[in-house]
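Notes for the one structure printed next.
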Amino acid sequence: MHFKLIIAFVEDTETTRVLDAAREAGATGSTVINQARGEGIQKSKSFFGLNLESQCDVVLLLVEAHHCRCILETIAKAGQFDEKPGTGIAFQIDVEDAVGVSHQIRALCQKVEDEL
């Protein structure tokens, strides 16, 4: 099986919605790294030296390559990445090799068999 890694930077208030959407679209697991921060085109505002930016989470999804685009589009819609600036971004990268995913491979194989 060929895997891709979806990396999404999501507003922390939207993480649960994005994770639920990813699972419905076919993701079999995820890793969330909390309390990341970043900037877009506009620099973050500050008030007496304190940044007023919202926290974001980094969501990592190791997914089967055939499901990747669907999952990517689904989480973008759930997180409203294209509708509202600053809500998040997501992208995919190829994974050359992975270990520790045999349980996911079995689940994906069963899903493909059920679809056929």
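Before moving on, here are some points about what is shown:
- For q = 0.15, 0.27, 0.30 Å⁻¹, Debye-computed log10 I/I(0) when each Cα of segment 64-116 counts as one equal scatterer: -0.60, -1.05, -1.13
- For segment 7-35, the residues whose backbone nitrogen is under 15 Å from a point 7 Å from the Cα of residue 80, taken along Cα to Cβ, are 10-18.
No lab work stands behind these numbers, since they all come straight from the coordinates. Remember, it's a predicted structure, so these values are computed and weren't measured experimentally. Cβ: placed from backbone, ideal geometry, glycine included. Neighbour counts: every protein chain shown.
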